[in-house]
Amino acid sequence: MGLGILKTYYSAIQRNYYSIVPLGLLILNWIVQRIFRINASVPFSVHYTNKIQGFERIQIGDDKVRTNFAVSGGTFITVFEGTQLKIGAGTIWAYNVCIQTGNHKFNSLDEYEVASITIGENCWLGNGVVLLAGVTLGSNVVVGANAVVTKSFPSDVVIAGVPAKIIRNIGSSDMPS
């Protein structure tokens, strides 16, 4: 029985997004998802240290994003009811990224403010990035390590800091030297 389960799971490696994920990691992810039932609602491999809540409200751009779920650990994603998380094609992130479509209200910790989050195509979220409710990132946005993104940003920028701000335009003539 065990060999049959492994063969079935291993056949998933033939799909594009598993071609770079080590077999040992796939097996460990499978054990955590299917036996310990952590992230069990996600239909593809999720890194064993990730926590994904509200997966049914996440729209994923392509297989590269799926691969990132399997290899980037420490990711915490919560998508509250009534909101969505859209992740554009080609977007990747490092370890310990936190994305939440809801947060406590400032003056009442018993209530939540919720809003959808959209991440454009070909974005890169550095280690420890936090994206808060209501944020929209354009395409080709690089978010520096440990940035806290509290507002939306256009395409083709590098953002960093707490709170995040634009530190460079990508591909424009006004880039600092």
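The values are calculated or read from the model by the stated rules, or taken from the named source; none is laboratory data. The shown structure was predicted, so the numbers you read here are calculated from the model rather than taken from an experiment. Virtual Cβ from ideal backbone geometry, glycine too; neighbours counted across all protein chains shown. Heavy atoms of the whole protein, side chains included, go into the accessibility calculation; ligands, DNA and RNA do not. Shrake-Rupley method; radii C 1.70, N 1.55, O 1.52, S 1.80 Å.
For the reader, a short list of remarks on this structure follows.
- Some residue of the stretch 103-110 being open to solvent by 30 Å² or more (accessible area, probe 1.4 Å), at pLDDT below 95, closer than 29 Å to Arg168 by Cβ and in contact with a helix residue (DSSP H, G or I) (Cβ under 8 Å, 6 or more places away or on another chain): no
- Taking the criterion of being open to solvent by 70 Å² or more (accessible area, probe 1.4 Å) and among the hydroxyl-bearing types (Ser, Thr, Tyr), the residues of the stretch 22-48 that qualify are Ser41, Tyr48.
- Of the residues examined, Phe55 is one that is under 13 Å from the mean Cα position of the chain (by Cα), under 17 Å from Ile99 (Cα atoms) and either at pLDDT 90 or above or open to solvent by less than 30 Å² (accessible area, probe 1.4 Å) (or both).
- Test for Ala70: is it closer than 23 Å to Asn39 by Cβ, buried (at least 18 other Cβ atoms within 10 Å of the Cβ) and small (Gly, Ala, Ser): yes
- Residue among Val65, Val46, Val21, Val42 that is under 15 Å from Tyr95 (Cα atoms), in a loop (DSSP other than H, G, I, E, B) and among the β-branched types (Val, Ile, Thr): Val46
- Filter result for Phe80 (surrounded by 15 or more Cβ atoms within 10 Å (Cβ to Cβ), of a type in the set (Phe, Trp, Tyr) and outside any loop (DSSP other than H, G, I, E, B)): no
- The set of residues in the stretch 88-143 that are acidic (Asp, Glu) and part of a loop (DSSP other than H, G, I, E, B) contains only Glu121.
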